[in-house]
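Asker: Let me give you the structure first, and then I'll get to my questions.
The values are calculated or read from the model by the stated rules, or taken from the named source; none is laboratory data. Note that the structure is a prediction, hence the values are computed from the model and not measured. All Cβ positions, glycine included, derive from the backbone under ideal geometry; neighbour counts span all protein chains shown. Please note that ligands, DNA and RNA were not included when accessible areas were found on the heavy atoms of the full protein model with its side chains. Shrake-Rupley method; radii C 1.70, N 1.55, O 1.52, S 1.80 Å.
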Amino acid sequence: MFVGHGLLAFALAAAAARVRGWSPERALALGLLAGAFGLAPDVDILYAPVGVLGASGPLDAASGFWRAGNEVHRAVTHSLVVATVASLAAGAWTTGRRPGRLGAVAALSATVAVAFAVSGALGAVVLAAFGVAVLGLARVGRAHLGLGPAAVATAGAVGTLTHPFGDLFTGEPPAILYPLDVTVFVERVVLAPDPTLHLLGALFVELGTAWLAALVLVWLRDDGLPAWPGIGSLAARIDRRAGIGLGYAGAAVLIPAPTLEVSYHFVFPLLAVGAGVTAAAAIGEARAAGDRWRGIERAALSGLAAVTLAALAYTAGYLLLG
């Protein structure tokens, strides 16, 4: 769940802000910043490319990438303790005043020092990169989105505090209370005993998050009307080409059953279906010379619909074959 982290934070922050009476524009700004903060903890994957060096082929490179990344992934940056400090630091940095900025730098530097003591140089470097990302996002929130310290801190909290829970379905569970020596989750949440169905379940969690974000975005785009957009409102924004995704049912016969350990042969073609439909819808909207943003919205929703239909079709085919 890489993209899903950001989409969930966006949906929660933007919807809550609008419900509390914020204008659609300000609610959208808060949601976008929260979504960016939701992606920030995965800065720890920056170390992973080291594992690609000397790889003998694509599969070996992929294996090396994750092997190197997992040395520090979901550890120092996926902690609720670190997230709380980072969110407060983001708000303090946004004040623009010297005491606030010094306090933000001091707080983040202290977490880096603790990481060095607990996890060594690699942990400290990764957490330092996370700190830089946090301060950079805080600056964007203030300078480009017009958000104040409280709003920036809130966006940071929504994004970074929700992130670890999205990782409970895949891989090793995060060190949720790092640097405290406390284990909260011993193993990931298993959605199905069958490894392929578990992968598909995690995929549908991600897709459900994407649709939630889409609903919130459409709601705000419609000027934040009191009623949420219904199925018909969303369907009217989806190109009929999305139905191409149903053809992915054939993949259940043509490719080996994917699992969390080996899923590239399933995921890449699935994303290609979505990208193809998105591109086709975008070209169609460009030729129609309509509202630019409506065209982007229609293309994105069409691609998402195609991926969803493809995933549903593959699942049906897999179950029938099983």
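Asker: Restricting the range 187-205 to residues that are within 19 Å of the chain's Cα centre (by Cα) and either part of a loop (DSSP other than H, G, I, E, B) or aromatic (Phe, Trp, Tyr) (or both), which is surrounded by the most Cβ atoms within 10 Å (Cβ to Cβ)?
Answerer: Across the range 187-205, the extreme among qualifying residues is Arg188.
Asker: Taking the residues in the range 246-263 that are without any contact (Cβ under 8 Å) to a residue 40 or more places away in the chain and aliphatic (A, V, I, L, M) as candidates, determine which candidate is surrounded by the most Cβ atoms within 10 Å (Cβ to Cβ).
Answerer: Once the filter is applied, the top-ranked residue is Val262.
Asker: Another one. Restricting to the range 142-186, give me the number of residues that are modelled with pLDDT of 90 or more, loosely packed, with under 15 Cβ neighbours inside 10 Å and over 23 Å from Thr111 (Cβ atoms).
Answerer: Number of matching residues: 4.
Asker: Kindly indicate which of Gly243, Gly274, Gly290 is open to solvent by less than 80 Å² (accessible area, probe 1.4 Å) and modelled with pLDDT under 95. Spell out the reasoning first.
Answerer: Values: Gly243 fails: modelled with pLDDT under 95; Gly274 fails: modelled with pLDDT under 95.
Residue meeting the stated conditions: Gly290.
Asker: Follow-up question, since we're still on this one. For the condition small (Gly, Ala, Ser) and under 25 Å from Trp22 (Cβ atoms), what is the one hit in Ala150, Ala115?
Answerer: Details: Ala115 fails: under 25 Å from Trp22 (Cβ atoms).
Step by step, each of Ala150, Ala115 is checked, and only Ala150 is small (Gly, Ala, Ser) and under 25 Å from Trp22 (Cβ atoms).
Asker: If Leu177 satisfies all but one of (1) in contact (Cβ under 8 Å) with a residue 12 or more places away in the chain; (2) part of a helix (DSSP H, G or I), what's the number of the condition it fails?
Answerer: That leaves (2) as the condition not met.
Asker: Now for a separate question. Scan the range 133-162 and report the pairs whose first residue is touching a residue at least 12 places away in the same chain (Cβ under 8 Å) and over 20 Å from Arg74 (Cα atoms) and whose second residue is of a type in the set (Phe, Trp, Tyr) and part of a helix (DSSP H, G or I), with Cβ atoms within less than 7 Å and a gap of 6+ or a chain change.
Answerer: Pairs that qualify, where the first residue is touching a residue at least 12 places away in the same chain (Cβ under 8 Å) and over 20 Å from Arg74 (Cα atoms) and the partner is of a type in the set (Phe, Trp, Tyr) and part of a helix (DSSP H, G or I), are Leu135/Trp93; Leu137/Phe37; Ala138/Trp93; Ala155/Phe37.
Asker: Of a type in the set (Val, Ile, Thr), touching a helix residue (DSSP H, G or I) at 6+ places or on another chain (Cβ under 9 Å), at pLDDT below 90 and not in a helix (DSSP H, G or I): which single residue out of Val50, Val72, Val76 fits that description?
Answerer: Details: Val50 fails: not in a helix (DSSP H, G or I); Val76 fails: at pLDDT below 90.
Testing whether each residue is of a type in the set (Val, Ile, Thr), touching a helix residue (DSSP H, G or I) at 6+ places or on another chain (Cβ under 9 Å), at pLDDT below 90 and not in a helix (DSSP H, G or I) leaves just Val72.
Asker: Do we have any residue at all in the range 29-46 that's over 23 Å from Gly131 (Cβ atoms), open to solvent by 20 Å² or more (accessible area, probe 1.4 Å) and assigned to a helix (DSSP H, G or I)?
Answerer: Checked the range 29-46: no residue is over 23 Å from Gly131 (Cβ atoms), open to solvent by 20 Å² or more (accessible area, probe 1.4 Å) and assigned to a helix (DSSP H, G or I).
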